[in-house]
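For reference, the structure is listed below as C-alpha cells.
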Amino acid sequence: MRVVLLHSALGDSRLWRRQIPVLSQRFEVAAPDLPGFGRTPMPRAEFSFVDAVTPHLPGALVGNSFGGAVALRTACAHPDRVEKLVLVASGLPDWQWTEEMTDYFAREQAAVDTGDLDAATEVNMEFWVAPEHRDEVRPQQRRALELQTAHDEPPLRWPEPFAPSALAMPVLIVVGSEDKADFQTIARHLAEQVTHAQLVIVEGAGHLVGVDRPDALNRVLLEFLAA
C-alpha cells in the first residue's frame, strides 16, 4: 500500500523526516511538498490542493493540521481512491475559531502585510512549535512565506462540500494532549461524526505530533496502517 504524507502549513515535507524511514520499511511512501511550500512554488493561476494530491493516489492519506484538512477534503471528494485516512491535529473547513486562534491569525497576517516575513515566522514559532524544535521548523516556515508572497495569490478551488460522516474508509484521528484547544475540540468532533473513526491522544505532544513525539506517532501509524 502507498502512504501519502501531507505536511502542515508550518513547514514542508521535511516535517515527516522522522516518519518516512519507519513507514518505508512496510509501505511505499510519498511526501510531496504542497503548492506554496518547500520545493513547490505557489501557482500563478487558479489551483486546487486536492488536485495536487490525487496524482499520488490510490493509497492511505496521512495529514497534519492544514495537511489534515487537505487530506479530509481529498477523501471526501475521492473516497474510492483513499484506502485509509489519518488526520493528525487536523483543521476543519468552516470551523468557528476561538479568540485565541483569531488573535493568532491577525498577528501573523499583520506581519505579512508589512512584508516582515521574519516577524511572521516568529509568530508561528512561538504559537505552535516547542522551543527545542524551532531551529528545525523556522527555515521551512520562512521558505513557505517567501513562496506564498512572491506574487499575487491566485484563486483557490475546493471540491463541493461533503459530510465527513459519510466517509466509509477506516479513519484514525490523532491529537496531542498539549495542542491548542481548538484542535482538541476538532479531533473529538470528528471522532463523533465519522462512523469508522478511532481517536488517539498523544500525551506530551503539541500541534506537530510527529516532531514532538515521533516514536508514539510512528507506533500508532504502523498499527493502524498495517491492520
> Taking into account only those residues within the stretch 179-194 that are touching a Pro at 6+ places or on another chain (Cβ under 9 Å) and crowded, with 20+ Cβ neighbours inside 10 Å, which is nearest to Gln96 (Cα to Cα)?
Replying inline: Leu190
> If you check Val200 against the conditions, is it of a type in the set (Val, Ile, Thr), within 18 Å of Gln19 (Cα to Cα) and either buried (at least 20 other Cβ atoms within 10 Å of the Cβ) or within 18 Å of the chain's Cα centre (by Cα) (or both)?
Replying inline: yes
>> I'd like to verify a number: residues in the stretch 18-41 that are out of contact with any strand residue (DSSP E or B) (no Cβ under 7 Å at 6 or more places or on another chain), more than 11 Å from Met1 (Cα to Cα) and in a helix (DSSP H, G or I), how many?
In response: 2
> Which pairs do you get when a residue that is under 19 Å from Leu15 (Cα atoms), found in the stretch 26-48, comes within reach of a residue that is in a loop (DSSP other than H, G, I, E, B) and among the polar types (S, T, N, Q), reach meaning Cβ atoms under 7 angstrom, with the pair 6+ apart or on two chains?
Replying inline: none
> Looking only at the stretch 21-54, which residues are hydrophobic (A, V, I, L, M, F, W, C) and surrounded by fewer than 16 Cβ atoms within 10 Å (Cβ to Cβ)?
Replying inline: Ala45
> If only one of Leu145, Leu172 is of a type in the set (A, V, I, L, M, F, W, C), within 17 Å of the chain's Cα centre (by Cα) and over 29 Å from Ile201 (Cα atoms), which one is it?
Replying inline: Leu145
> Do we find a residue being under 28 Å from Val3 (Cβ atoms), surrounded by fewer than 12 Cβ atoms within 10 Å (Cβ to Cβ) and in contact (Cβ under 8 Å) with a residue 12 or more places away in the chain anywhere in the stretch 168-175?
Replying inline: no
> So which of Ala120, Ala106, Ala89 ends up being buried (at least 16 other Cβ atoms within 10 Å of the Cβ) and farther than 26 Å from Ile173 by Cβ?
Replying inline: Ala120
>> The conditions are (1) under 20 Å from Leu217 (Cβ atoms); (2) buried (at least 18 other Cβ atoms within 10 Å of the Cβ); (3) among the aliphatic types (A, V, I, L, M); (4) touching a strand residue (DSSP E or B) at 6+ places or on another chain (Cβ under 7 Å), and Leu57 fails exactly one of them. Which is it?
In response: (1)
>> Condition first: at pLDDT 95 or above, outside any loop (DSSP other than H, G, I, E, B) and not aliphatic (A, V, I, L, M). Now tell me which residues in the stretch 144-188 satisfy that.
In response: Glu146, Gln148, Gly176, Asp182, Phe183, Gln184, Thr185, Arg188
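The values are calculated or read from the model by the stated rules, or taken from the named source; none is laboratory data. As the structure is a prediction and not an experimental result, all values here were calculated from the model. Please note: Cβ atoms are built from the backbone with ideal geometry, for glycine as well, and neighbour counts cover all protein chains shown.
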